[in-house]
1. From the list Asp261, Asp308, Asp284, Asp242, which residue is part of a strand (DSSP E or B) and among the charged types (D, E, K, R)?
2. Does segment 157-179 hold any residues that are open to solvent by less than 20 Å² (accessible area, probe 1.4 Å) and either among the acidic types (Asp, Glu) or not in a helix (DSSP H, G or I) (or both), and which are they?
3. Residue check, Gly43 against (1) within 15 Å of the chain's Cα centre (by Cα); (2) assigned to a helix (DSSP H, G or I); (3) farther than 15 Å from Phe219 by Cβ, all met but one. Which one?
4. Just checking, how many residues over segment 224-239 are open to solvent by less than 60 Å² (accessible area, probe 1.4 Å), within 21 Å of Pro200 (Cα to Cα) and not in a loop (DSSP other than H, G, I, E, B)?
5. So, of the residues in segment 287-305 that are aliphatic (A, V, I, L, M) and in a helix (DSSP H, G or I), which turns out to be surrounded by the most Cβ atoms within 10 Å (Cβ to Cβ)?
6. So which pairs qualify, if the first residue must be in segment 190-204 and open to solvent by less than 70 Å² (accessible area, probe 1.4 Å), the second must be in a loop (DSSP other than H, G, I, E, B) and among the charged types (D, E, K, R), the Cβ gap must be under 6 Å, and the two must be at least 6 apart or on different chains?
7. Tell me, yes or no, whether segment 148-156 has at least one residue that is in contact with a strand residue (DSSP E or B) (Cβ under 9 Å, 6 or more places away or on another chain) and surrounded by 22 or more Cβ atoms within 10 Å (Cβ to Cβ).
8. If you scan segment 49-83, which residues turn out to be at positive phi and either modelled with pLDDT of 95 or more or open to solvent by 50 Å² or more (accessible area, probe 1.4 Å) (or both)?
Amino acid sequence: MPQPLRTIAFTRLEQLLSRPIEDVQDFPARREARARLQRSRAGRALFGTPDPGVETFERTVRIDGRLRRVLVHRPHAGTDLPAVLNLHGGGWVQGHPEQSAWFASRVAARTGAVVVSPEYRLAPEEPFPAAVEDSWSALEWLADEGASLDADPTRLAVMGDSAGGGLAATVALLARDAGGPALRAQILLYPGVEAYDRWPSEDEHARAAVLTSRNMRAFVRFYLGEEYGTTDWRASPIRHVDHRGLPPTLVVVAGRDPLADNGRRYAERLGSQGVHVRLEEFGDAVHGFASLPGVQPRARAAVRVAADFLGQHL
């Protein structure tokens, strides 16, 4: 299927103007520039804005002894609502809760769930396992304190895109291994679940829009830092020896994405070990499409798929 003209235009512009992550030296400046872009008129056209059908607000909370910022998308009415912990992407190096606000808020609007998007520490300043630890602590906080957001701690799910999808998968495994918090579902959007192995989609889409093979490799090296080469499964959740007992899982794959085989193989691994898995492929989509509604029309279909899955299990 041919790409929409707006996607082609965005791809060419992005390749001309965006400095590859592997060439970045000043990461705080890079993050601030990306945040300014998203706040701009052009950025709002690309990334969208929160759904007006829910209340979106920021809160600073104490999680694991540290003050942390969370972005909350909550229906205007109701109590004892299901809750979803949403972990943003950005290669563990960049990104912030606002970049997935368009998608997360629409999931909240369609499901009636409270969707909570926390900040987590970013590499290279705070390398692995900082992001894992923060994501896990955020889930524990939501289970313990969700009532303050009108959430029911017994109806929990995790969701994440790209690096956040890998973190969501890791958190689900940690929760299962710890005996809780109990999760009813996990939503993994084009997740990064393998740090080292090179699979065919990476070569097929090595120079794709938004994410290239070189970008992928650089993100992993920045994320792992001195731990590069670690066999700790938390860096590659697909390497956990046992995936049995995980909650029902939706894996969304972008067809024109070097990470496509990460999602496909993780879905296959979970299914082979008895986990209920639904794999949804968007063959004409590029990496990150669910957070780019102004570039990829299929973002709206991804919202429907994710919301329908959560509706079945929450």
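The values are calculated or read from the model by the stated rules, or taken from the named source; none is laboratory data. This is a predicted model, so every value here is computed, not measured. A quick note on method: Cβ atoms are made from the backbone with ideal geometry, for glycine too, and the neighbour counts reach across all protein chains shown. Accessible surface areas use protein heavy atoms only, side chains included; no ligands, DNA or RNA. Shrake-Rupley method; radii C 1.70, N 1.55, O 1.52, S 1.80 Å.
1. Asp284 is the lone residue from the list that is part of a strand (DSSP E or B) and among the charged types (D, E, K, R).
2. Ala157, Val158, Met159, Gly160, Asp161, Ser162
3. (1) is the only condition that Gly43 fails.
4. 3
5. Of everything passing the filter in segment 287-305, Ala290 is surrounded by the most Cβ atoms within 10 Å (Cβ to Cβ).
6. Taking only residues 6 or more apart or on different chains, the pairs are Tyr190/Asp257.
7. yes
8. Asp64, Gly65, Asp80
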